Structure formats: C-alpha cells, structure tokens
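Chemist: Got a structure for you, written out below as structure tokens; questions coming shortly.
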Amino acid sequence: MGLRERVWPGLRARSVGFEALIALLSTATVVVGVVTPEARLAPDAVLVVGGLLLVLTLLLFRRSAPMVPFVVSAALGALVPALTVGLLLTAYAVGRYERRWPVRIVAGVLGTVALVQPWTIGTANEAVGALGGVAIALVLPAAVGIWQRTRALLLEALRDRAVRAETERELLAREAVVSERTRIAREMHDAVGHRVSLMVLQAGAIEVAAGDPERVEQLAGQVQTAGRQALEELRQMVGVLRAEEVDEAAPLGPQPGLADLPRLVGSAREAGMAVAWTGPAEGTAPVDPVVGRAAYRIVQEALTNAGRHAPDAPVRVCVERRPGELCVRVVNGPPARTPTAVPGGGFGLVGLGERVRTLGGRLTAGPRLDGGFGVEAVLPA
C-alpha cells in the first residue's frame with residue numbers, strides 16, 4: 001500500500017477537482033469575511049487566513065482521521081467566528097468517514113459549543129439564532145455525509161453480493177461440468193467396457209479352442225459382433241459430445257432395463273462364462289425404468305468383473321422383486337485359473353455405488369469366504 005492509499009484511502013483522480021473547488025470557495029468565503037466595508041483587511045485577517053490554510057491542510061487527512069480537522073476547526077471557530085466555515089467541511093467529513101456513532105455524538109457536542117458559545121448568549125432570540133446556525137453548519141452537512149456513507153456502503157454490499165453470486169454461479173457451472181464428465185465416464189465404462197471385456201474373454205476362448213475350427217469361427221464372430229457394438233456405442237456417445245446444440249425433441253435411444261437382463265446373461269454365456277440366471281417371477285409389478293436401468297448396469301459390471309478376475313468360475317445372477325424394493329445379487333466362485341491381466345481404472349464399483357445411492361438404495365460388494373466375490377444391491381421400487 002502506497003502513501004496515497006494510507007493517507008487518502010479511496011481517493012480518486014476525479015475527486016481532486018472537486019476538492020480544489022471546495023478549497024477555492026472556502027477561501028473566497030473567508031476573504032469576504034476579513035475585508036471591511038472600506039475595502040481594508042480586518043485586524044485578524046492574518047489569523048483567519050492562517051487558520052483557514054491549516055484547516056484546508058488537515059482536510060487532506062479527513063478520510064483516515066476525520067476528527068482531527070473537525071476538532072481544529074471547532075477550536076478555531078470558537079476563537080475566530082469567521083473560521084466557522086471550516087465546520088461545514090469537517091462536519092461533512094465526520095458524517096462521511098467516521099464509522100463510530102459515539103465519536104460522531106462527541107463531535108456534535110463540540111461543534112455545538114464552538115458555534116453557539118453559550119457563555120455569549122443573553123437572549124432567547126440569540127439562542128434560537130445560534131441553534132439555526134448549528135442546524136446549517138453542523139446537522140445538515142453531517143446528515144449529508146452520513147447519507148453518502150450509507151449509500152456507499154450499500155453499493156459496496158451490492159457489488160460484493162454480485163461478485164459472490166457470480167462466483168457461486170461459476171462454482172455451480174464447474175460442478176455441473178464435473179458431474180456431467182463423471183456421468184459420461186460412467187456410461188462409457190458401463191457400455192463400452194463390458195463389451196471390450198467380453199471380447200477379451202472370447203479371444204481367450206479362441207486360444208483354448210484352437211483345435212476346433214467351428215468353435216473358433218463361432219467365437220471369432222462373437223468377437224467381431226461385440227467389437228462392432230462397442231464401436232457403435234462409442235461413436236454415438238462421441239457424436240453427442242460433439243453436438244453444438246441439444247435437440248430436445250430428438251427421440252431418446254432405447255435404454256437397457258430388466259427385460260434386457262436375459263440377453264445380457266446370454267452374451268456372457270456365449271463368451272464362455274458359466275452363468276446361472278434367476279429373474280423376477282412372472283406377473284410381478286413392473287419397476288421404474290431408472291431402477292431397471294440401474295439393475296442392468298449392476299449385473300453388467302458384476303459379470304464384467306467376474307469374467308476379468310475369476311475366469312471359468314461359476315456365476316449366479318439373481319434378481320428378486322420384493323415389496324417396495326428390487327434385490328440384485330451377483331455371486332461368482334473362486335477363479336479356476338490365473339486371470340489374464342486386463343488393465344482397468346477401478347471405478348466400476350465406485351460408479352455403481354454412486355448410482356445406487358442416488359436412487360436411495362444400498363450396495364454391498366466384497367470377497368466371500370470361499371474365495372469368490374459377491375455384489376448385492378437393494379433398490380427402492
């Protein structure tokens with residue numbers, strides 16, 4: 001902070017001209033007061049001009065210490081009535097820049113005593129005139145200063161509120177972007193990652209069935225189909241991300257749900273997994289599409305993890321409709337052979353947990369005593 005900011009906080013270049021005008025008008029007022037009708041200087045002219053210069057000099061510090069020029073002006077005004085013009089300026093400075101009300105009240109008492117000079121009042125008319133002078137020289141400029149200060153504080157509060165609102169909007173927009181990126185990453189992981197994992201499993205099955213040309217051809221076709229589907233889903237998602245405008249009227253693509261679980265289990269079986277499937281009993285009440293989609297993703301992720309980390313292990317998939325809830329359970333046994341190292345981000349179960357909690361359900365996942373792994377989710381339905 002420089003010297004100007006410490007001595008004159010808030011000083012702007014445009015206020016210099018206004019302050020110069022105030023100083024000129026004050027000087028002119030005092031000069032008129034010290035010139036006699038005979039165009040001669042009053043005996044106390046030097047004292048008046050010197051006092052005025054002192055007050056004007058101290059006014060430079062009115063922003064940081066408004067009481068200093070006011071006290072000096074009050075003292076000089078009590079000694080030399082012509083210098084009471086300084087109270088007009090310093091009273092405004094106290095109202096404008098002094099924050100403490102007790103100090104303002106003390107300043108008002110001192111200024112009133114300096115202006116009224118009660119020891120010189122002899123009649124009621126003189127008292128009324130003195131009080132009128134107080135109203136003009138003290139109350140009016142102080143009230144204007146207080147109004148200016150209140151207005152400045154209000155504008156500053158409005159600016160701060162606008163800045164905070166803009167900051168909050170930026171934070172909300174940033175959070176929305178992060179949330180959308182997380183959602184997109186989850187969808188890509190669920191949709192594309194599952195098919196890629198199936199391709200890896202099918203490629204491993206081709207290696208095992210190298211002596212059976214028909215089986216190799218069948219598995220190769222499945223790999224080709226899974227790869228084509230993965231590329232198509234990836235292409236659709238990239239197309240949505242690249243779109244500059246969102247067509248609200250465009251029809252939504254079909255979303256997988258409970259009805260698609262048998263087909264999902266069938267795809268896993270075709271890839272060589274031993275999957276036992278138990279679905280909801282016929283005639284049970286339908287579930288919300290969002291819940292059905294979550295159940296599909298849970299089974300999809302669990303099958304993907306089972307194929308990746310427990311190759312050739314039996315898997316049991318059970319989806320049960322209960323009163324007010326849908327239970328999804330996927331359990332696999334211990335791996336029958338050493339799993340092939342397949343890189344993964346480790347975010348699948350984390351994403352499932354977020355999805356289930358968003359719906360108000362609960363998810364448990366962890367190893368079992370037999371060396372296998374289990375995933376169980378209870379969704380409100």
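Read-outs: derived from the displayed coordinates by stated rules, not from any lab. None of the values given here were measured: they were computed from a predicted structure. As a convention, Cβ positions derive from the backbone with ideal geometry for all residues, glycine included, and neighbour counts pool all protein chains shown.
Chemist: Hey, any idea what the orientation-averaged projected area of the convex hull of the stretch 258-381's Cα atoms comes to, in nm²? All intermediate terms of the calculation are to be shown ahead of the outcome.
Modeler: On the way: hull surface 29.9 nm².
Projected over every direction and averaged, the Cα hull of the stretch 258-381 covers 7.5 nm².
Chemist: For the pair residue 212/residue 228, report the inter-label distance in nm, with labels modelled 7 Å from Cα in the Cβ direction.
Modeler: So the two model labels end up 2.4 nm from each other.
Chemist: Next question. What nm value, rounded to one decimal, do you get for the distance between residue 154 and residue 169 when each label is placed 7 Å out toward the C-beta?
Modeler: With each label placed 7 Å out from Cα toward Cβ, I get 2.4 nm.
Chemist: Most exposed first by the Cβ proxy, i.e. fewest other Cβ within 10 Å, how do 112, 304, 57 rank?
Modeler: Listed from fewest to most nearby Cβ atoms, that is 57, 112, 304.
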